[in-house]
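Undergrad: The structure is given below, and queries will be raised subsequently.
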Amino acid sequence: MSTLTAGDVLEPRTFTITRADLVRYAGASGDFNPIHWSDRVATGVGLPGVIAHGMYTLALVARAVEAWAGEGNLVEFGCKFTKPVAVPDDDRGVDLVVAAAVARVEDGRATLKLEVTCGEEKVLGLPTAVVRV
């Protein structure tokens, strides 16, 4: 996307996360930590219930950025994991919404200020991405 200008607000992307997605991600990543599949263990360590893998959440954010900027144009990416994404044990799951605004464009790169929410709560702190334009 070469027409990004500072101040542009990009169309939000929504991803639904289900327990089945967590099972698939665990198998692909090898991360079988029970906080990602057992309510008993998750609540036992103070979590609200089973939570999505942080790296799975981040991968969905990267998918949104690549949808906006085009495949292969993501050059920098970062955030702080500040709030877990609780995934209910039902068929509906939970929605993760990724929104972005273009903070600046210079030297052929655009810096995107991201907002990643689940429900009404921000789940990532200071998420930013730099993309080629």
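Undergrad: Using only Cα atoms, tell me the angle between helix 19-29 and the longest principal axis of the chain; keep it within 0 to 90° and round to the nearest 10.
TA: The answer is roughly 70 degrees.
Undergrad: Search the structure for amide H atoms under 5 Å from the amide H of Asp8, placed 1.01 Å from N in the peptide plane, and list their residues when 5 or more places away or on another chain.
TA: The answer is Val102.
Undergrad: Size of the dipole of the chain about the Cα centre, Lys and Arg at +1 and Asp and Glu at -1 on the beta carbon, nothing else charged, in debye to 20? It would help to have the intermediate numbers written out before the result.
TA: Details: 13 positive and 17 negative charges, 48 e Å.
Roughly 240 debye, rounded to the nearest 20.
Undergrad: 222 nm [θ] for the chain, helices only, -39500 (n - 2.57) per DSSP H run of 4+, per residue, to 500? If you can, show how the numbers build up before the last one.
TA: Numbers: 3 runs with 33 residues, N = 133.
Computed mean residue ellipticity for the chain: -7500 deg cm²/dmol.
Undergrad: Next question, about the same structure. Kirkwood hydrodynamic radius (Cα pairs, Å) of the range 43-103? Walk me through the numbers on the way to the answer.
TA: Values: mean 1/r = 0.0741 Å⁻¹.
Every distinct Cα pair counted, the radius reaches 13.5 Å.
Undergrad: For the range 41-69 and the range 88-133, what is the separation of their Cα centres, given in Å?
TA: 12 Å
Undergrad: Next question. Can you give me the Rg/Rh ratio for the range 28-68, using Cα atoms for both radii and the Kirkwood formula for Rh? Provide the component values of the computation, followed by the final result.
TA: Values: Rg = 12.7 Å, Rh = 11.3 Å.
In the range 28-68, Rg relative to Rh is 1.12.
Undergrad: Could you give log10 I(q)/I(0) at q = 0.16, 0.17, 0.26, 0.33 Å⁻¹ for the range 10-54, computed by the Debye formula over C-alpha point scatterers of equal weight, without solvent?
TA: So the normalised log intensities are -0.46, -0.50, -0.89, -1.16.
Undergrad: Starting from the Cα gyration tensor of the chain, take the square roots of the eigenvalues, sort them a ≥ b ≥ c, and report rounded, prolate or oblate (rounded when a/c is under 1.5, otherwise prolate if a/b is larger than b/c, else oblate). Mind showing how you got there, number by number?
TA: Values: a/c = 2.47, a/b = 2.21, b/c = 1.12.
Verdict is prolate for the chain.
Undergrad: To continue, here is another question. Rank Val116, Val85, Val75 by mean-square fluctuation in a GNM of the chain with C-alpha springs under 10 angstrom and give only the top-ranked residue.
TA: Top of the fluctuation ranking is Val75.
Undergrad: Cα axis of helix 54-69 to longest principal axis of the chain: angle in degrees, 0 to 90, nearest 10?
TA: Roughly 30 degrees between the two axes.
Computed from the coordinates by the stated procedures, all read-outs in this text should not be read as laboratory data. Note that the coordinates shown come from a computational prediction; the quantities given were computed from them, not determined experimentally. Every residue, glycine as well, gets a Cβ built from its backbone with ideal geometry; the counts of neighbours run over all protein chains shown.
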